[in-house]
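Working notes for the structure below.
The values are calculated or read from the model by the stated rules, or taken from the named source; none is laboratory data. The structure presented is a predicted model; accordingly, all values stated were derived computationally and were not measured. A quick note on method: Cβ atoms are made from the backbone with ideal geometry, for glycine too, and the neighbour counts reach across all protein chains shown.
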């Protein structure tokens, strides 16, 4: 800023410091909260202390400059404040026993020069805490995005199309529920591990799906939400390299994310799989998905990843190996029975054996309570009827599906398909 006044120069420096603080905190907040939670054993208090460290940075960095290791500075500041808080407690001695001998009455521990030295384990503990089954699915998703995704309450509310006060209350109640249940800050082992891990994977998958095919609103896809879920899946895969289903989920999300650029047209309208421009599919994400799939197992997410891989390996829609996809859905049904999976299996069968072979399978799902109001059931049935030349019946199904979806883009597509079924 040559020729600028000292005041303007200081304002510019302060601006740069604020931008650096915001960027660093977004990247490091999960690790800071995780590290502090190990000391205070309360994610709510840990988040407050992390915010205190952020405020300290906002006050000091514009004057002192951004430190060489800003993440380490924030971590050290938050940890020292956590230790001070513990010391002020009447139960200081008891807390020290819980925290371990790393804390002494005379001097607080120095922050390690290597931030990764013991943080990975803390980050894993934080993931399992935020996704604890004591919380509702909605609360787990919101808290995970808040603590691990670094999203603000406003960003989470916008992502899920929910009122900001509702999301704020959901997060506050989730923290209270964890504290009330005295949920231990630990990675579960033994018989509890599989169930707890399933809860973590479910939350990440739910977050991704809400971004990949929004249940409501004017946009079919919310890529930022997919990116958050994909980043969480990658982090988890790095923290738990020996868990096949973690790699299965990561592979599935990589494959699904690779197709996002082709899923919508210039005006945001949905583009069906058969009509997608496959040159727009992200080949880097597909390669990452294949690498993750090699490390996956034979669980539900791994099988879904294998199905997604079949789609990504087909150069043209006509080249899709529908018979293999139908067989994989059959294995998935045997492992984790679900009417939604059976509906998807019927679609694959319709492509490999013809719509007449699949229609009875779809009709058999008509009275499934889990599919009541599920717009894809009449949508699939409409597609089968249309391919069988039963246009009038197909139109009724597409119109029914349009009334059941809450997503404006999907509704428009279904009504368009219904219109195409009108008699000439």
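Scanning the stretch 259-286 for residues that are part of a helix (DSSP H, G or I) and more than 30 Å from residue 34 (Cβ to Cβ) returns 261, 262, 273, 274, 275, 278, 279, 280, 283, 286.
Just so you know, in the stretch 9-51 the residues that are surrounded by 16 or more Cβ atoms within 10 Å (Cβ to Cβ) and more than 15 Å from residue 147 (Cα to Cα) include one that is modelled with the highest pLDDT, and it is 39. So if I check each of 150, 211, 190, which one is under 18 Å from the mean Cα position of the chain (by Cα) and on the phi > 0 side of the Ramachandran plot? Going through 150, 211, 190 in turn, just one is under 18 Å from the mean Cα position of the chain (by Cα) and on the phi > 0 side of the Ramachandran plot: 150. Filtering 346, 358, 323, 296 for residues that are more than 24 Å from residue 385 (Cα to Cα) and either free of Cβ contacts under 8 Å to residues at least 40 places away in the same chain or crowded, with 21+ Cβ neighbours inside 10 Å (or both) leaves a single hit, 296. With respect to being part of a helix (DSSP H, G or I), within 25 Å of the chain's Cα centre (by Cα) and loosely packed, with under 13 Cβ neighbours inside 10 Å, residue 328 falls outside the description. The set of residues in the stretch 68-90 being closer than 17 Å to residue 42 by Cα, at pLDDT 55 or above and either loosely packed, with under 12 Cβ neighbours inside 10 Å or touching a helix residue (DSSP H, G or I) at 6+ places or on another chain (Cβ under 8 Å) (or both) consists of 75, 78, 79, 81, 82, 83, 84, 85, 86, 88, 89.
Within the stretch 364-376, can you find the residues that are more than 15 Å from residue 213 (Cβ to Cβ) and either assigned to a loop (DSSP other than H, G, I, E, B) or modelled with pLDDT of 95 or more (or both)?
Taking the stretch 364-376 as the starting set, the residues that turn out to be more than 15 Å from residue 213 (Cβ to Cβ) are 364-373.
Of everything in the stretch 364-376, those that are more than 15 Å from residue 213 (Cβ to Cβ) and either assigned to a loop (DSSP other than H, G, I, E, B) or modelled with pLDDT of 95 or more (or both) turn out to be 364, 365, 366, 367, 368, 372, 373.
Taken over the stretch 361-395, residues that are more than 20 Å from residue 405 (Cβ to Cβ) and either buried (at least 20 other Cβ atoms within 10 Å of the Cβ) or out of contact with any helix residue (DSSP H, G or I) (no Cβ under 7 Å at 6 or more places or on another chain) (or both) amount to 7.
The stretch 145-257 holds helices (runs of 4 or more DSSP H) entirely within its bounds, and those carrying 3 or more residues that are under 21 Å from residue 284 (Cβ atoms) map to 191-212, 223-239.
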